[in-house]
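The values are calculated or read from the model by the stated rules, or taken from the named source; none is laboratory data. These numbers come from a predicted model, not from an experiment. Cβ atoms come from the backbone with ideal geometry, glycine included; neighbour counts cover every protein chain shown. Quick note on the areas: whole protein, heavy atoms, side chains included, nothing else; ligands and nucleic acids left out. Shrake-Rupley method; radii C 1.70, N 1.55, O 1.52, S 1.80 Å.
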Amino acid sequence: MAPIPLAVTRFAPSPTGHLHIGGARSALFCWAFARRARRDGIDGRFLIRIEDTDQTRSSDESARGILEDLAWLGIEWDDGPELKVAGESSRSGETGGTRTIGGDPRGVGPFFQARRVALYNAHIDALAHAGRAYPAFETPEELDARRRDAIAAKRTYRYERPADVLPGVFHEQRWSRARSGERHVVRFVFPEEEVIVHDSILGDVRTAPGELDDLVIRKADGFPTYHFAVVIDDELMGVTHVLRAQEHLANTPRHVAMQRALRRLDNGRPFTVPVYGHMPVICNMDGSKMSKRDKAKAARKAARDAMARDPSITAATLGSQTGMGEPAVSGFLAGENDSAQTAEALAGRFNVPLPEIEIWDFRRSGYLPEVIVNFVALLGWNPGMKDADGKDLEKFDLPFIAEHFSIDRVGRSSSKFDRAKLLSFNADAIAAMTDDHFVRRVRRWFAEYEPGSLATLEARDPAALGILAPALRPRCRTLRDVVRQVAFALAQDNGYAFDPAAVEKHLRAGGGAGALSLREARSHLASLDPWSPEAIQVAIEQAARRLGFVTEKGVNVGPVAQPIRVAIAGVSVSPPLGESLAVLGKAATLARIDRCLKEVGV
RNA sequence: GGCCCCGUCGUCUAGCCUGGUCCAGGACACCACCCUUUCACGGUGGUGACGAGGGUUCGAAUCCCUCCGGGGUCACCA
């Protein structure tokens, strides 16, 4: 029996921060490709590898965070670092067992490149003996100077191969200098030939001979460069399809050239050139590349605008208010750094939202993982199908993607990230939930990001979210919106102010007609039992009827409802009164009305 | 600047490979109206694009060329 064909895709993040929205899409497409392959009887596998060869910027916490972000999105890997996540039962909100994502069933790990250095060195040795790699001793400063000279002379800078290095010849002198401990990097002898990359999305991309120079494959610290490690690992991990962002396209000829030069150490066979597919990048609405620096930019702008309006605001005052200190703030404002921490602190100080860039940001802002997945999939891919109404099908889930994904339908042009459309998708998903499901999701989100508010709300009524759910769902575009919607219930009964404009319009106008209505409503409410949303609604209608607010179309409850709203919320906007008053409870409602009547004094 | 990639409504896109059914369809946003106790939701309708110019063809969003525009990349980062 023939072996089952294998299709392996991989996502290879460097653990230097959170998972970027663009990275999430790359991961999603790789995952989808592998899953789709299974329908054709292929053993499709999605692999994760952590590219931590940058010693100074990588961290384990970051690696873990990225894995957790992927798991949150529901993108699970077949080969890769292990991550324990809450088990199936936790979906219902109960604490259940845990299960593990990842592992190494094929024995191709470890999946952290820092633990694979011996492997890289063995291949570099082989390359050295084949005369395809050599030590180079120029210092970074020297190279910088050469680069600057070239730019000044308007020449294209390329590293010039030392005259004593001959392709195909093992360079004993250089290697012995290297062995003796002299600081050096190792460079790859780039062949003098045309390299063609067969890209499954873009078609053939040719690179003319002489276009590329001898790239560094091992840094002075002994770690491989990204380019080299990728090539070795993709081969050793059996990666067959490389789907990644277009920013890597220009690097691909280098990778292909190395694959041609390398042989496996175990069986002497040449490296396999994987199938490549470079997908378009995701940019901001202004066309710039989406970057975590955008958060710093937004915070900086908010601070500068405020300082321009109010000269008393200075880096010093901000430094002390945010607890960041004056030097950190002034450095940040001068653009010397893009510290995420300072950006967050300033955004908090000026109460401006920072743009969501990383998955973690979207999660905190109350976006649903399935919506992020759906939306991001649409950036660069679409199923090309119609829904039951004959409209373009654009709402779908992970299983759908796993079933229908194909490289053929990945676009070639870059796309802009339209936050308004994302928000609309999120709102639609929330509106489509059952109330029970909505409550579970909201509680989980609150427990993570607003635990104090959750406690306050449920102290008022343990069933508060359940009561409000039907009113909340069409009003909340994100889970975080719930905070704003329930603000009235979070306030102390005597702890909110009455908006003067709302008081004027709904209570004082017409000689205090609103206040009169409020008194009438109060007496209906005071004798109400049971205290349910429906009963409250009926009581308000009765009050309106009693006051004569009846037209040929029926009872007009507005003149009664608005004064109540101002009384219980302080403003003329709130969720529907039935649910709102039900959550407050009878005693609090009456107390709020009484305080309003007293303070307004009409 | 060199090299490379891309170019349909403001945005995401369907259509392009296999020219005619496209005076270009959908979604988001926007505008108007309806519904309505506020805010939302919802309903109906509307504004709005084949980057430009040349070819090829009876016929081009679809094929070819040029130009223009946008992006990527040129590290001992990944």
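Can you find even one residue in the range A:372-390 that is loosely packed, with under 15 Cβ neighbours inside 10 Å, away from RNA strand B (no atom under 13 Å from the Cβ), at pLDDT 95 or above and assigned to a helix (DSSP H, G or I)?
Within the range A:372-390, not a single residue is loosely packed, with under 15 Cβ neighbours inside 10 Å, away from RNA strand B (no atom under 13 Å from the Cβ), at pLDDT 95 or above and assigned to a helix (DSSP H, G or I).
Given the condition in a strand (DSSP E or B) and more than 7 Å from RNA strand B (Cβ to nearest atom), answer yes or no: does some residue in the range A:136-159 qualify?
yes
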Residue in the range A:489-500 that is farthest from A:Gly558 (Cα to Cα), counting only those that are touching a residue at least 40 places away in the same chain (Cβ under 8 Å) and surrounded by fewer than 16 Cβ atoms within 10 Å (Cβ to Cβ): A:Asn494
Which ones in the range A:144-166 are surrounded by 14 or more Cβ atoms within 10 Å (Cβ to Cβ) and either closer than 26 Å to A:Arg260 by Cβ or not assigned by TED's automatic domain parsing to the domain that holds A:Arg179 (or both)? A:Tyr157, A:Arg158, A:Tyr159, A:Arg161, A:Pro162, A:Val165
Suppose we keep only residues that are loosely packed, with under 15 Cβ neighbours inside 10 Å and under 14 Å from A:Leu516 (Cα atoms) within the range A:547-575. Which one would you say is farthest from RNA strand B (Cβ to nearest atom)? A:Gly548
Of all helices (runs of 4 or more DSSP H) completely enclosed by the range A:228-343, which ones contain at least 2 residues that are touching a residue at least 60 places away in the same chain (Cβ under 8 Å) and open to solvent by less than 30 Å² (accessible area, probe 1.4 Å)? A:252-261, A:293-309
Of everything in the range A:97-133, what is without any contact (Cβ under 8 Å) to a residue 60 or more places away in the chain, within 16 Å of RNA strand B (Cβ to nearest atom) and not charged (D, E, K, R)? Give them in sequence order. A:Pro110
Name the single residue, out of those in the range A:53-80 being in a loop (DSSP other than H, G, I, E, B) and among the hydroxyl-bearing types (Ser, Thr, Tyr), that is nearest to A:Asp43 (Cα to Cα). A:Thr53
(1) under 20 Å from A:Lys289 (Cβ atoms); (2) assigned to a helix (DSSP H, G or I); (3) more than 9 Å from RNA strand B (Cβ to nearest atom) all hold for A:Thr456 apart from (1)
Consider only pairs whose beta carbons are under 9 Å apart and that are at least six residues apart or on different chains; among these, list those whose first residue lies in the range A:198-209 and is over 25 Å from A:Cys30 (Cβ atoms) and whose second residue is of a type outside the set (Ser, Thr, Tyr) and open to solvent by 60 Å² or more (accessible area, probe 1.4 Å). A:Arg206/A:Glu194; A:Ala208/A:Glu194; A:Pro209/A:Glu192; A:Pro209/A:Glu193; A:Pro209/A:Glu194
All-but-one check, A:Arg206 against (1) near RNA strand B (Cβ under 7 Å from one of its atoms); (2) closer than 20 Å to A:Thr139 by Cα; (3) part of a strand (DSSP E or B), failing number (2)
